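What follows is a single structure, written as structure tokens, with notes after it.
The values are calculated or read from the model by the stated rules, or taken from the named source; none is laboratory data. All values derive from a computational prediction rather than experimental measurement. All Cβ positions, glycine included, derive from the backbone under ideal geometry; neighbour counts span all protein chains shown. Areas reflect the complete protein model, heavy atoms only, side chains present, ligands, DNA and RNA absent. Shrake-Rupley method; radii C 1.70, N 1.55, O 1.52, S 1.80 Å.
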Amino acid sequence: MSDLIAQLEELCIEAEAALTRTQTTAESEAWYHEYLGRKGKMTAALRGLGQLAPEQRPQVGKRANEIKQALEQVLAERQEQIAADEMASALAAEGIDITMPGRRPAVGKLHPTNQAMRDIVQIFNQMGFQLFDSPEVETDDMNFGLLNFPLDHPAREMQDTFFTTTPDVILRTHTSPGQIHAMRKYAPEPIRVVLPGKCYRNEDVTARSEMMFYQVEGLAIGHNVTFSDLKGTLLNFANQMYGEGRKIRFRKSYFPFTEPSVEVDVDCILCAGAGCRICKYTGWLEILGAGMVHPVVLRNGGYDPAIFSGFAFGMGIERQAMLKRGVDDIRLFYSNDVRFLDRV
Ligand code: FA5
């Protein structure tokens, strides 16, 4: 018995030594056939098992199995090592340096206007305002007339208009005509909608004004909608957009489609009201225009002003993004300088 075990142990040492000399996958496969294959040395040695006394067989058989498994294990490790070496030399032959740092793929991100628009819309969604889509190209009547801008009223000049070659068809100067679309779709049901989108004004482009910019309009109509509802809604918006504890301030203003009309300021997000360059030392930043929907506009939208009331507001999206991210020139938004788009 001990003869056969000694023979197997010797074979194991020989096989392990032979394995370390294999350099290629082909050599390691040849090694397998030589030692572990059907016609291999291990298999041949194990034939001796049959000549042993039956009571000796289990012990010798057990040891033989252990040796076989150990050899299979070292073969797997050797083949793994050979495969790695072969890959490395193939790459070296191709001249590829796998230790060189990789090139980072350029990862896209949302444009700052889109980012701000999503933030704003999401805040109002949480307050129950639904998204409403309305056209960028409007009739003069939708953009002005139905919003209570009298013909030839100087208020029209507040928003310099781009006309088209089709009479009466213009590029919308604000998102407010969307109010009429939304009202006409839902009247006489109460509504709460937000309308984001592009607007166009034939203005000189400056650090604060673009010819094409985005606004978000908000509109709420129902029974007993009051100015307090407007205040609460806008205060909640300011807290979520610019941080908890914000103060807002209303200044009287004029829009033909709201009465009363206000402009709304938030206490300066940089200096918290103390006065700084961003707020021009006033402590306040203007964020939007708003008011109670004018009875004429309610009627044009299909609501009876004796039964319904509502509030509306409109804000410039780039201006919100500028305040939030400390950008001081609106022209950066559409000049497509990747350094700006990446930073903001
Ligand atoms: C309006 O457009 C009104 N429709 C807002 C409104 C809606 C009032 C509902 C009441 C009720 P105004 O012209 O002030 O108002 O523009 C609103 C905002 O749009 C401004 O505060 C500003 O943030 C942005 N805005 C206006 N013109 C430009 C421009 N040329 N470039 C960039 N942003 C602009």
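In the range 286-318, what residues are touching a residue at least 40 places away in the same chain (Cβ under 8 Å), farther than 30 Å from Pro112 by Cα and either among the basic types (Lys, Arg) or within 11 Å of the ligand (Cβ to nearest atom) (or both)?
Matches in the range 286-318: Met292, Val293, His294, Val297, Gly310.
I want to confirm something. Restricting to the range 269-324 and keeping residues that are among the hydroxyl-bearing types (Ser, Thr, Tyr) and modelled with pLDDT under 95, which single residue is least open to solvent (accessible area, probe 1.4 Å)? Walk me through how you get there before you give the answer.
Applying the first criterion (among the hydroxyl-bearing types (Ser, Thr, Tyr)) to the range 269-324 yields 281-282, 303, 309.
Filter again for modelled with pLDDT under 95, leaving 281-282.
On the way: Tyr281: 166, Thr282: 81 Å².
Result: Thr282.
Given the conditions (1) within 12 Å of the ligand (Cβ to nearest atom); (2) more than 36 Å from the chain's Cα centre (by Cα), and given that Val205 satisfies all but one, which numbered condition is not satisfied?
Here Val205 clears every test but (2).
Look at the range 116-149 and say how many of its residues are open to solvent by 60 Å² or more (accessible area, probe 1.4 Å) and of a type in the set (D, E, K, R).
4
Tell me the residue from Phe340, Phe333 that is open to solvent by less than 20 Å² (accessible area, probe 1.4 Å), more than 10 Å from the ligand (Cβ to nearest atom), in contact with a helix residue (DSSP H, G or I) (Cβ under 6 Å, 6 or more places away or on another chain) and not in a strand (DSSP E or B), please.
Phe340
Just to be sure, is Glu157 within 13 Å of the ligand (Cβ to nearest atom), free of Cβ contacts under 8 Å to residues at least 12 places away in the same chain and either assigned by TED's automatic domain parsing to the domain that holds Asn336 or in a helix (DSSP H, G or I) (or both)? Walk me through it before giving the result.
Numbers: within 13 Å of the ligand (Cβ to nearest atom): yes; free of Cβ contacts under 8 Å to residues at least 12 places away in the same chain: yes; either assigned by TED's automatic domain parsing to the domain that holds Asn336 or in a helix (DSSP H, G or I) (or both): yes.
For Glu157, the condition - within 13 Å of the ligand (Cβ to nearest atom), free of Cβ contacts under 8 Å to residues at least 12 places away in the same chain and either assigned by TED's automatic domain parsing to the domain that holds Asn336 or in a helix (DSSP H, G or I) (or both) - is met.
Go through the range 325-343 and report how many residues are at pLDDT below 90 and touching a His at 6+ places or on another chain (Cβ under 9 Å).
1
Being away from the ligand (no atom under 13 Å from the Cβ), of a type outside the set (Gly, Ala, Ser) and modelled with pLDDT of 95 or more narrows it down to one of Leu151, Leu131, Leu171, so name that one.
Sole residue among the options that is away from the ligand (no atom under 13 Å from the Cβ), of a type outside the set (Gly, Ala, Ser) and modelled with pLDDT of 95 or more: Leu131.
Got a sec? Which of Gln179, Gln240 is in contact (Cβ under 8 Å) with a residue 24 or more places away in the chain and within 11 Å of the ligand (Cβ to nearest atom)? Spell out how you get there, then give the answer.
Details: Gln240 fails: within 11 Å of the ligand (Cβ to nearest atom).
Just one listed residue meets the conditions, Gln179.
Here is a list of conditions, (1) over 29 Å from the mean Cα position of the chain (by Cα); (2) farther than 30 Å from Pro154 by Cα, and Met183 meets all of them except one; can you say which number that is?
Result: Met183 passes all but (2).
Taking the range 254-268, which residues are in contact with a helix residue (DSSP H, G or I) (Cβ under 8 Å, 6 or more places away or on another chain), open to solvent by less than 50 Å² (accessible area, probe 1.4 Å) and more than 10 Å from the ligand (Cβ to nearest atom)?
Result: Val266, single match.
Output the residues belonging to the range 53-103 that are modelled with pLDDT of 90 or more and among the small types (Gly, Ala, Ser).
Ala70, Ala76, Ala83, Ala84
Going residue by residue through the range 245-254, is there one that turns out to be modelled with pLDDT under 95, part of a strand (DSSP E or B) and hydrophobic (A, V, I, L, M, F, W, C)?
Yes, the range 245-254 contains at least one residue that is modelled with pLDDT under 95, part of a strand (DSSP E or B) and hydrophobic (A, V, I, L, M, F, W, C).
Which of (1) free of Cβ contacts under 8 Å to residues at least 40 places away in the same chain; (2) of a type outside the set (S, T, N, Q); (3) outside the structural domain of Ala182 (by TED's automatic domain parsing); (4) assigned to a helix (DSSP H, G or I) does Arg118 not meet, given it meets every other one?
(3)
In the range 267-285, is there at least one residue being touching a residue at least 60 places away in the same chain (Cβ under 8 Å) and part of a loop (DSSP other than H, G, I, E, B)?
no
Is one or more of the residues making up the range 121-137 among the β-branched types (Val, Ile, Thr), assigned by TED's automatic domain parsing to the domain that holds Arg21 and either touching a residue at least 24 places away in the same chain (Cβ under 8 Å) or assigned to a helix (DSSP H, G or I) (or both)?
No.
Of all residues in the range 201-228 being β-branched (Val, Ile, Thr) and modelled with pLDDT of 95 or more, which is surrounded by the fewest Cβ atoms within 10 Å (Cβ to Cβ)?
My answer is Thr226.
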